[in-house]
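Colleague: Here it is, the structure in full.
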Amino acid sequence: MSFINSILIWLTKFFEKILPPTYGIYEKGSFPTHRKLTLNQAKSLILLGGKKERWEKETEFTYSFLKINFLEKNKEKEIFIADYGCGIGRLILPILKDYPQTKIVGVDESESMIELARKWIPKIFFDEKRVELLKPNQFFEKYQKKVFDLIMAIYVFQHIFLKELRKILPAIYQLLKDDGKLFIVNTFQNDDPLKRVVTIKDLLKPYFEKEIEISPFENKKDYIFWMGVIGAGYGDWQKMEKAKLRCQKFMGIYRKKINNAGWSNW
Ligand SMILES: C[S@@+](CC[C@H](N)C(=O)[O-])C[C@H]1O[C@@H](n2cnc3c(N)ncnc32)[C@H](O)[C@@H]1O
């Protein structure tokens, strides 16, 4: 049995080497965190679908939302940020450059993404101790209660299965200062291997309430705005009427619910 297992593991590793980076994305594990990726593979995996310029357009769009709604408002303060599921550090880099008083912890399950982030983010920021990169277990061990002003999770929660997410959300809640904020970009539903309908907003409800949000599926104005800015580059297959909730996205800043009030805001 163990011999067969070893062969299966070897074969899986072999096929993963030669298959495109998207392989395994919606299978068990949801995101191929164990794969060794090149920079280009990682980029196309992070922002899958849409046209070539999606990376630039969407990064700019996401970053300017965060700037207007959080970073500019707090630019006089020393801000401690965690980027949960940071990938190669797509948003960490512009924040470090534009906001010299910020410190950021990038967290990612994938060794390969962390390695790429170490190259993508200039060494000077590591030398100045303004950024560190950790795996989730190291992160939750090192940091405990109420230390972060902002925790970001961009296209991450949809890849984490329910059982794990039910532990991560309260842990993130604990890590945020009472006036801390959560910045999320996510699909409405997560990739549940058992095909249950797992709606991310429902999972957030006990812990967070919305401060500002754009939600193209729920609000036609937001849809027009979102598509206008990102364009078809956001994915032609995500046309409003046809797309399933698993493809539809929302972006927002959420505050901590201190005493379970505020459900009506959703
Ligand atoms: C779609 S990518 C988004 C990367 C980054 N947030 C961005 O927007 O550029 C999802 C990232 O989440 C990471 N990830 C998946 N499951 C995770 C988990 N359980 N804990 C931490 N990171 C995870 C993946 O390795 C991947 O880098």
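Colleague: Skipping prolines and chain starts, which residues have an amide H placed within reach, meaning under 5 Å, of the one on Ile104, given they are 5 or more residues away or on another chain?
Modeller: So Ile104 has HN proximity to Ile81, Val131, Glu132.
Colleague: Moving on. For labels at Asp202 and Lys97 in the simple 7 Å Cα→Cβ model, what's the distance in nm?
Modeller: 4.1 nm
Colleague: Along region 138-146, what does the Karplus equation 6.51 cos²θ - 1.76 cosθ + 1.60 (θ = phi - 60°) give for ³J(HN,Hα), rounded to whole Hz, x for Gly and Pro?
Modeller: Result, rounded to whole Hz: 5, 4, 6, 6, 6, 10, 10, 7, 6.
Colleague: What is the gain in length, in nm to one decimal, between Gln144 and Asn219 on full extension, counting 0.36 nm per residue of separation less the C-alpha to C-alpha distance?
Modeller: Gain in length upon complete extension: 23.3 nm.
Colleague: Let me ask another. With r as the distance between the Cβ atoms of Ile7 and Lys123 and R0 = 25 Å, compute the FRET efficiency 1/(1 + (r/R0)^6) and round to 0.05.
Modeller: Rounded to the nearest 0.05, the efficiency is 0.05.
Colleague: Need one number: nm distance between label points at Lys36 and Phe161, each 7 Å from Cα along Cα→Cβ, rounded to one decimal.
Modeller: That separation, rounded to one decimal, is 2.6 nm.
Bear in mind that the values in this text are calculations on the coordinates, not laboratory data. The model shown is predicted, which means the values in this text are computed figures rather than measured ones. Every residue, glycine as well, gets a Cβ built from its backbone with ideal geometry; the counts of neighbours run over all protein chains shown.
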